[in-house]
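Below is one structure, written out as C-alpha cells; comments come after it.
The values are calculated or read from the model by the stated rules, or taken from the named source; none is laboratory data. The model shown is predicted, which means the values in this text are computed figures rather than measured ones. Virtual Cβ from ideal backbone geometry, glycine too; neighbours counted across all protein chains shown. The protein model used for the area step is the full one, side chains on, heavy atoms only, and it has no ligands, DNA or RNA in it. Shrake-Rupley method; radii C 1.70, N 1.55, O 1.52, S 1.80 Å.
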Amino acid sequence: MLALLIIFGRVACRCGTATFLTPATILLFMSGTNLFRARVTENSIFLDERYLYPEFIPEVLPGRGKEIESLVYCFDPLLKGKKPVNVFLSGSTGVGKTVCVKFVLKELEDASDRAKSLYLNCFEFNSRAAILIALANFLGSAIPRRGLATDEIYTSVLESMKKCSFTPIVVLDEVDQLLVSDSGSKLLYDLLRVVEHGKQGIGIVLISNDVELTSRLDSRIRSSLAEQTVVFSPYTPEQLKKILSERSELAFVKGVVDKDAIGVAAAHAAKLGGDARIAIESLLKAGRIAEKENSGKLLVAHLKGAFESVDAASLAKGLGFLARDELLLLKIISENPAINSGAIYGLYSKEKGASLKERRLRDVLAALEKQNFISSEPVSMGNQGKTRQFRCGIPKELILKGL
Ligand SMILES: Nc1ncnc2c1ncn2[C@@H]1O[C@H](COP(=O)(O)OP(=O)(O)O)[C@@H](O)[C@H]1O
Ligand SMILES: [Mg+2]
C-alpha cells in the first residue's frame with residue numbers, strides 16, 4: 001500500500017495534474033511503459049496530422065482537373081525544347097492556386113531536368129532587390145551579401161541566364177504585394193527583358209487573389225508575362241467534401257471522423273468563400289480538441305469549437321493584408337453599425353490622409369464584403385428608394401491594431 005502511495009505521489013509530481021491519474025495510467029506507470037508514448041497510442045485519433053498542414057502537397061487535388069490541365073499546357077513546350085507559356089493565376093484565398101502550381105511544378109521537375117522552379121511569396125520577397133538576389137542565388141551567381149547595387153545584381157542575373165543549363169521557372173505568389181511599390185513594379189520590367197532576350201527562356205508564373213490585377217498592368221507586361229490566364233473559382237460544398245475526405249483519410253485513424261462532420265466543415269467553408277484552407281484547418285483544430293477531450297471520435301460539436309478559432313485567426317491574418325484606407329473604412333463601420341455608404345464617405349473624408357473618391361469607395365466596400373470583413377443589406381427609405389446598410393463583425397481592437 002505504501003509503495004502504491006509513493007507511486008501516486010511520483011505520477012502527480014511528473015504530470016503536475018491530477019487528470020493523468022486514471023487507473024490505466026497507474027498500471028502503465030507500474031509496468032514501466034513510457035507515459036507519453038502510451039498516451040499517444042491511447043488517445044490519438046490522428047494517424048499523422050501533418051497531412052492537414054498547409055504546406056503538405058497532396059497527390060490528388062479534387063475539383064482542379066481543368067486548372068491543372070491548363071498549367072500542364074503552359075509548361076509542356078519545355079519538354080520539347082521550346083519556351084514555356086507565361087501564366088497568371090487568380091482567384092480568392094484558399095481556392096488552391098498555390099498548391100496546384102507547386103504540384104504541377106513538382107511533376108514537371110520529376111519528368112525533366114530541363115526545368116527548375118523558384119517559388120517566391122511576395123509577402124516575404126517584397127522588393128525588386130530581394131527578388132533579384134533570390135534569382136541570382138538560384139541561378140548560381142555569387143552575390144556578396146552587401147555592396148552590390150540592385151542594377152548590378154540584375155546584370156549578374158542576365159549574365160547567369162546566358163550560362164544557365166536549365167530553364168528557370170519563377171513563381172511570384174501574391175504578386176500584388178510587389179506592385180505596391182514602384183521598385184517592385186520595376187521588377188516586372190526586369191523580367192520582361194529576361195523573357196524577351198533570354199536564349200533558352202524563362203517561365204513566369206504570377207499568382208494573385210485579385211482577378212482584376214492584370215487589367216492594371218501595362219499592356220506589354222500583360223501580353224508577355226500573362227500570356228495565359230487561369231481563374232480559380234471558389235470551391236463548391238461538394239468539392240470541399242471531396243477535398244476533406246481525401247485529406248482526412250490520410251490524417252485520421254479509420255472510422256474516427258463522424259460522417260456528418262465532413263459535410264458540416266465543407267458547408268462552413270463554402271459559406272466563407274469556398275476556401276479549402278478554412279475547411280482543412282477547421283478539421284485539424286477539431287481533431288486536436290477531440291483528442292484533448294479524449295473523445296476517441298471527431299464529432300460535429302468539436303468542429304463548432306474549431307470554427308470560432310479558425311475564423312478569428314483568419315480574419316486577424318486577413319486584416320494584416322489590408323491597405324490603410326480599407327482599415328479606416330472598417331473602423332468607421334464597426335463604430336457605426338447599420339451605416340450607409342453616403343455616411344461612411346462623410347466620416348471617411350474627415351480622416352487624415354483619406355484619398356478615395358466616393359465612387360472608388362463603393363468598389364472598396366464591395367471588395368471588403370466579398371472577403372467577409374463586412375456585410376450589408378438593402379433597406380427601404382420609403383419613397384426615397386433604397387439604401388444599403390453596412391455592418392462589421394470584427395472587434396474594433398483588432399482593426400485599430402492594424403492601423
Ligand atoms: N483541390 C484540393 N485538394 C486538396 N487540398 C487542397 C485543394 N485545394 C486547396 N487545398 C488545400 O487548401 C489550402 C489552401 O490552398 P492554397 O493553394 O494555399 O490556396 P490559395 O493559394 O488559392 O490561397 C492548402 O492547405 C491546400 O493544400
Ligand atoms: Mg496561395
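Note on the range 331-344: residues that are at pLDDT 95 or above and closer than 15 Å to Asp363 by Cβ total 1. The set of residues in the range 266-281 that are in a helix (DSSP H, G or I), crowded, with 24+ Cβ neighbours inside 10 Å and not β-branched (Val, Ile, Thr) comprises Ala266, Ala269, Ala276, Ala279, Glu281.
Do the conditions hold for Pro337, that is, is it under 30 Å from Glu67 (Cβ atoms) and either within 16 Å of ligand 1 (Cβ to nearest atom) or in contact (Cβ under 8 Å) with a residue 24 or more places away in the chain (or both)? If you could, list the steps in order and put the result at the bottom.
Details: under 30 Å from Glu67 (Cβ atoms): no; either within 16 Å of ligand 1 (Cβ to nearest atom) or in contact (Cβ under 8 Å) with a residue 24 or more places away in the chain (or both): yes.
No; evaluated as a whole, the condition is false for this residue.
Where helices (runs of 4 or more DSSP H) sit wholly within the range 1-100, those with at least 3 residues that are modelled with pLDDT of 95 or more, within 24 Å of the chain's Cα centre (by Cα) and on the phi < 0 side of the Ramachandran plot occupy 65-79. Would you call Gln371 touching a residue at least 40 places away in the same chain (Cβ under 8 Å), out of contact with any Lys or Arg (no Cβ under 8 Å at 6 or more places or on another chain) and not acidic (Asp, Glu)? For Gln371, the condition - touching a residue at least 40 places away in the same chain (Cβ under 8 Å), out of contact with any Lys or Arg (no Cβ under 8 Å at 6 or more places or on another chain) and not acidic (Asp, Glu) - is met.
Residues that are closer than 20 Å to Ala269 by Cβ and open to solvent by less than 30 Å² (accessible area, probe 1.4 Å): does the range 378-401 have at least one? Can you show your working first?
Residues of the range 378-401 that are closer than 20 Å to Ala269 by Cβ, as a first pass: 393-394.
Checking which are open to solvent by less than 30 Å² (accessible area, probe 1.4 Å) leaves us with 394.
Checked the range 378-401: at least one residue is closer than 20 Å to Ala269 by Cβ and open to solvent by less than 30 Å² (accessible area, probe 1.4 Å).
Return the pair list, or none, for Cβ contacts closer than 7 Å from residues in the range 293-308 that are over 14 Å from Ala279 (Cα atoms) to residues that are assigned to a helix (DSSP H, G or I) and open to solvent by less than 40 Å² (accessible area, probe 1.4 Å), at least 6 apart or on different chains. Within 7 Å, the pairs are Asn294/Asn43; Lys297/Ala290; Leu298/Ala261; Leu298/Ala286; Leu298/Gly287; Leu298/Ala290; Leu299/Ala261; Leu299/Ala290. Within the range 103-125, the residues that satisfy the criterion of being closer than 26 Å to Arg216 by Cα, within 14 Å of ligand 1 (Cβ to nearest atom) and open to solvent by 30 Å² or more (accessible area, probe 1.4 Å) are Tyr119, Asn121, Phe123. Residues in the range 59-95 that are of a type outside the set (D, E, K, R), touching a residue at least 12 places away in the same chain (Cβ under 8 Å), within 16 Å of ligand 1 (Cβ to nearest atom) and open to solvent by 10 Å² or more (accessible area, probe 1.4 Å): Val60, Leu61, Pro62, Gly63, Ile68, Ser70, Val72, Ser92, Thr93, Gly94. Among the residues making up the range 197-230, those that are within 16 Å of ligand 1 (Cβ to nearest atom) and of a type in the set (Ser, Thr, Tyr) are Ser208, Thr229.
Quick one: is Leu356 in contact with a Phe, Trp or Tyr (Cβ under 6 Å, 6 or more places away or on another chain) and closer than 21 Å to Asp176 by Cα? For Leu356, the condition - in contact with a Phe, Trp or Tyr (Cβ under 6 Å, 6 or more places away or on another chain) and closer than 21 Å to Asp176 by Cα - is not met.
Confirm whether Val230 is closer than 19 Å to Ser185 by Cβ, touching a Cys at 6+ places or on another chain (Cβ under 9 Å) and at pLDDT 95 or above. Quick ask: steps written out before the conclusion?
On the way: closer than 19 Å to Ser185 by Cβ: no; touching a Cys at 6+ places or on another chain (Cβ under 9 Å): yes; at pLDDT 95 or above: yes.
No.
Being open to solvent by 40 Å² or more (accessible area, probe 1.4 Å) and closer than 26 Å to Ser282 by Cβ holds for only one residue in Asn372, Asn336, and it is Asn372.
The residues of the range 188-223 that are away from ligand 2 (no atom under 16 Å from the Cβ), within 21 Å of Thr98 (Cα to Cα) and buried (at least 16 other Cβ atoms within 10 Å of the Cβ), listed by number, are Leu188, Leu191, Ile202, Gly203, Ile204, Thr214, Arg222. Restricting attention to the range 135-183, and to residues there that are farther than 24 Å from Leu89 by Cα, open to solvent by 20 Å² or more (accessible area, probe 1.4 Å) and within 29 Å of the chain's Cα centre (by Cα), which single residue is nearest to ligand 2 (Cβ to nearest atom)? Taking the candidates together, the pick is Asn137.
Residues checked against (1) more than 16 Å from ligand 1 (Cβ to nearest atom); (2) open to solvent by less than 10 Å² (accessible area, probe 1.4 Å); (3) over 17 Å from Leu52 (Cα atoms); (4) not basic (Lys, Arg):
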residue	(1), (2), (3), (4)
Leu283	no, yes, no, yes
Ala286	no, yes, no, yes
Ala301	yes, no, yes, yes
Lys304	yes, no, yes, no
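Find the residue count for the range 172-196, including only residues that are touching a Cys at 6+ places or on another chain (Cβ under 7 Å) and part of a loop (DSSP other than H, G, I, E, B).
Initially, the range 172-196 is screened for residues touching a Cys at 6+ places or on another chain (Cβ under 7 Å), giving 172-175, 177-178.
Right, trim to part of a loop (DSSP other than H, G, I, E, B) and you get 174, 178.
Counting residues in the range 172-196 that are touching a Cys at 6+ places or on another chain (Cβ under 7 Å) and part of a loop (DSSP other than H, G, I, E, B) gives 2.
Scanning the range 232-281 for residues that are more than 11 Å from ligand 1 (Cβ to nearest atom) and among the aliphatic types (A, V, I, L, M) gives Ala251, Val253, Val256, Val257, Ala261, Ile262, Val264, Ala265, Ala266, Ala267, Ala270, Leu272.
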